[in-house]
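The block underneath contains the structure these notes are about, expressed in structure tokens.
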Amino acid sequence: MRTFAVINQKGGVGKTTVTLNLSHALALAGNRVLAIDADPQGHLTMAFGLEDPAGLDRVLHGEARMQDAFSEAGNGLKVVAAGEHLQEVENLNQGGAERGWRLQRALAAMDEPFDFVLIDCPPSAGLLGMNAIIAADEMLIPVAGDFLSLNGLSRLMRILHGIEERLGGSRPKWIVLSRFMEQRRHAREVRDRIREHFGSQLLETTIRESVVLAESPSFGQTIFEYQPRHRAAGDFKALAGDLMETATATA
């Protein structure tokens, strides 16, 4: 089981869009996939069209097992909603350092096997974010093609390295360009600078900016349900292929 924290503290980079559509693309490729909404805003939950089911809030409060919070999305894809009380997890004041390991332990206790787990992280580096980082064995970092996103990427990498020093060990970190506009010279320059500094950590596929990717969540659908023949669906199929190929790099 490969567990990814889909993470970026900068808003507007397409983090939830990537989690939503990549999880479905991986499932369509024949994988057993679990998508987890770890953001109290619940955007991934809404994008999947889920309405207040038992969620991650109950799991992290110790009131339910992870499998009790599964919602079926079809094609081998299951979803764990955020839950309306997820924000309260940030205020847990009992359990000491153990609080940061609750998600990891809940995943380890699952009796259902998955090939991929994708965790849509909150933008803040609080207790929920720490749970996601500890639970993940790899990081997937969506980055938009602009200078502020490039600056935010460098800052995020420093934060992640600092956390890893405290935890021990290093996790693979993959970068995906999202909301990308090839026709803009500045976007191409940002891509080239990321490739120069991070090399093979930058995945080959870019997710191009598209109106349909913004529209589909309002219908509770992924791109494969909303407009399966659109080029955006092809982008996510290619991204899923990239991610599956990275298995050899982490073996």
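Throughout, read-outs are computed from the coordinates displayed, never taken from laboratory work. Note that the structure is predicted; figures quoted are calculated from it, not measured. Note: ideal-geometry Cβ built from the backbone for every residue, glycine included; neighbour counts use all protein chains shown.
Quick notes
- Span-like helix check, the chain: qualifying full DSSP H segments, with Cα axial length of 18 Å or more and mean Kyte-Doolittle of -1.0 or more, are 15-28, 147-167, 231-245.
- Whole-number D in µm²/s for the range 1-149 (Stokes-Einstein; Kirkwood sum over Cα pairs; 37 °C, 0.692 mPa s): 218
- DSSP loop trypsin sites (Lys or Arg not before Pro) with at most 15 other Cβ within 10 Å: longest gap in the chain: 66-183
- Residue of Met130, Met110, Met66 that the Gaussian network model of the chain assigns the largest fluctuation, springs spanning Cα pairs under 10 Å: Met110
- In a simple Cβ point-charge model (Lys, Arg +1; Asp, Glu -1; nothing else charged), the chain has a dipole of about 840 debye relative to its Cα centre.
- The alpha carbon convex hull volume per residue for the range 177-216 rounds to 65 Å³.
- Annotation: the chain has a Kirkwood hydrodynamic radius of 18.1 angstrom, from the mean reciprocal C-alpha pair distance.
- Taking amide H as placed 1.01 Å from N in the peptide plane, Ile36 has its amide H under 5 Å from the amide H of Val80, Leu118, Ile119, Asp120, each at least 5 places away in sequence or on another chain.
- Dipole orientation for the range 2-246: of the candidates Val33, Phe219, Leu160, Leu160 has the Cα lying most toward the positive pole (charges on Cβ; Lys, Arg +1; Asp, Glu -1).
- Rounded to 5, percent antiparallel among DSSP beta bridges of the chain: 15
- Debye-sum result for the range 158-251 in log10 I(q)/I(0), which assumes one identical scatterer on each alpha carbon, at q = 0.18, 0.19 Å⁻¹: -0.96, -1.02
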